[in-house]
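Please treat every number below as a calculation from the coordinates, not as lab data. Quantities reported herein were computed from a predicted structural model and do not represent experimental measurements. Because the Cβ atoms are built from the backbone with ideal geometry, glycine has one as well, and the counts that use them run over all protein chains shown.
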Amino acid sequence: MKLFGKGRAQTHVCPVCAYLKLPFKPYKQWPPPPDLELTPPYEAQLGKPSHEACPQCGFVFGKEDTSFEEYRYAWGGRGRPWADPSVAPPEDERRFAILGPGTYEGFDRPGLGEEVPEQLLVQAQRLEAAEDVMGLRRLVTRLARDGITGYDVVAIGGFAGSSWDFLGFDVDVQGLSALRHREEARSPYFSERLNEHGLLADFADVHKFAIAVSPDALLPIGRLRRSAVTPGDRLWYTIGNEHNPGDPFGRIVLTVEADGTAALEHYGGRNGSGTWTARVDTDVIARIRAELGRSTFPEVAREPIPAGSGLRQLEVVTDDEPEYVLMGDRQGQRLDGYKEAFALLDAIAIRITTGAYERGDDALDATAITDVRQIT
Ligand SMILES: [Zn+2]
């Protein structure tokens, strides 16, 4: 088995976004030694930087006001936009598919099953061929309304957008998922390095695979955020970057269903991580929606987001239709309607975490949050 044969094309992998075709070495010593834990300033570890920007994520090697991890999270939060759209993969190399219940586990995961009515199968094929993401989203939501749950809309081959969760890289060899079918991929070396989606995510592993197989065989996989394909009205809110040393609060992901059922994940911050469930008084949900009704939601004036700034992302689902907004932390503290809505969402998170999350003030009534349970 040849795993690490001779490299072919002289391209390099971006340590931030795992872009596979960097035409330059980011630093003098590249790739980094396998056992080296990379910490800024990277120049001290890896030698002279190129001072060039990655065409995918835009990170400038040598301009190190943020770490790779912090930049990766911020760029991911903005929807993984291409810094140089001219090098984005052509559209015919991308496709969308509805995949069956379960974890991702390779893109030959089965599509719609026998429990799906024939006419919807035909419709799904048409929507996939037309790359109609909104149509696919509505179809999956409709199936879930009928009790046929667990399906995902998956983007294969590099698609930017804020509604997608990036899962990792799969390996395409003649249309089959190499992570399931290639001998190399099943080797202990790689099988131990797959993430919870069964994909390669670490840039050093991506780099090794790109050399062993071919950069063209690696495809990024995205999944439409599940909050956007689950029936019912809902609020989904996230802010913060646990990899930013200037962000002492860490990142939260808050989901509040129409009946008040809430789930909160908290990552990093000075008081540590945790997950909780709770119940939010429906009056509080109504107040948040009323404040958003006064704002320009889902529109917002586009302002540059400074490096190191937190990102606020909010998705509101009404009658199964999601609307979404993204803005910098500061902008969210300034705009009428938005600032009150964000203050209420932050207050919910403070109360649920019993103060472990500290961004903003808890101005809620004593009865606004009940049934708080810490899961982890
Ligand atoms: Zn990059």
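A compact table of results
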| quantity | calculated |
| --- | --- |
| Within segment 282-309, backbone nitrogen closer than 20 Å to the virtual label 7 Å beyond the Cα of residue 370 toward Cβ | 282-288 |
| Translational diffusion of segment 232-374, µm² s⁻¹ [Kirkwood Rh, Cα pairs; Stokes-Einstein; 25 °C; 0.890 mPa s] | 163 µm²/s |
| For segment 1-85, size of Cβ-based charge dipole, Lys and Arg +1, Asp and Glu -1, in debye | 520 debye |
| Spatially close lysines, pair count over the chain: Cα under 16 Å, gap of eight or more or interchain | 9 |
| Selection of GluC sites (Glu not before Pro), segment 220-317, meeting DSSP coil and at most 12 other Cβ within 10 Å | 299 |
| Distribution of pairwise C-alpha distances over segment 31-74, 10 Å bins, in % | 26, 58, 16 |
| Residue-wise HN-Hα coupling along segment 289-301, computed from phi with Karplus coefficients 6.51, -1.76, 1.60 (Hz; x: Gly, Pro) | 5, 5, 5, 5, x, 7, 8, 8, 3, x, 8, 7, 4 |
| In segment 11-105, the chymotrypsin sites (Phe, Trp or Tyr not before Pro) that fall in loop regions by DSSP, at most 12 other Cβ within 10 Å | none |
| From phi via Karplus (6.51, -1.76, 1.60), per-residue ³J(HN,Hα) for segment 48-55 in Hz, x at Gly/Pro | 4, x, 6, 6, 9, 9, 5, x |
| Rounded to the nearest 20 debye, dipole of the chain from Cβ charges on Lys, Arg, Asp, Glu | 960 debye |
| Local electrostatic count at residue 137 - Lys and Arg +1, Asp and Glu -1, tallied over other residues with Cβ under 15 Å | -2 |
| Per principal axis, descending, Cα span of the chain in whole Å | 64, 57, 38 |
| Total formal charge among the other residues, if their Cβ is under 11 angstrom from that of residue 88, Lys/Arg +1 and Asp/Glu -1 | -1 |
| Folded to 0 to 90 degrees: helix 133-145 orientation relative to the chain principal axis, Cα | 60 degrees |
| Exposed-loop-free span, longest in the chain, where trypsin sites (Lys or Arg not before Pro) count as exposed if DSSP calls them loop and at most 12 other C-beta atoms lie within 10 Å | 64-269 |
| In segment 185-283, the chymotrypsin sites (Phe, Trp or Tyr not before Pro) that fall in loop regions by DSSP, at most 12 other Cβ within 10 Å | none |
| Computed E for residue 281/residue 339 - FRET, C-beta separation, R0 25 angstrom, nearest 0.05 | 0.75 |
| Which of 141, 66, 237, positive extreme of dipole for the chain (C-beta unit charges) | 66 |
| Simple label model, 7 Å out from Cα along Cβ direction - residue 270 to residue 87, nm | 4.0 nm |
| Most mobile of 122, 140, 284 in a GNM of the chain (Cα contacts under 10 Å) | 122 |
| Top positive-direction residue, dipole computed over segment 49-105 with Cβ charges, set 99, 77, 88 | 99 |
| At R0 = 35 Å, FRET efficiency that the Cβ-Cβ distance of residue 64 and residue 189 yields, to 0.05 | 0.65 |
| Test item: Cα-centred dipole of segment 232-374, Lys/Arg +1 and Asp/Glu -1 on Cβ, debye | 500 debye |
| Efficiency of FRET between residue 115 and residue 233 - r from beta-carbon atoms, R0 25 angstrom, step 0.05 | 0.45 |
| Hull volume in cubic angstrom per residue (convex hull over the Cα atoms of segment 1-85) | 118 Å³ |
| Two-site label geometry, residue 202 and residue 290: point separation in nm, points 7 Å out along Cα→Cβ | 5.2 nm |
| Amide H contacts of residue 165 (H built 1.01 Å from N, under 5 Å, at least 5 apart or other chain) | 223, 224, 225 |
| Cα→Cβ-extended label distance, 7 Å offset, between residue 24 and residue 48, nm | 1.2 nm |
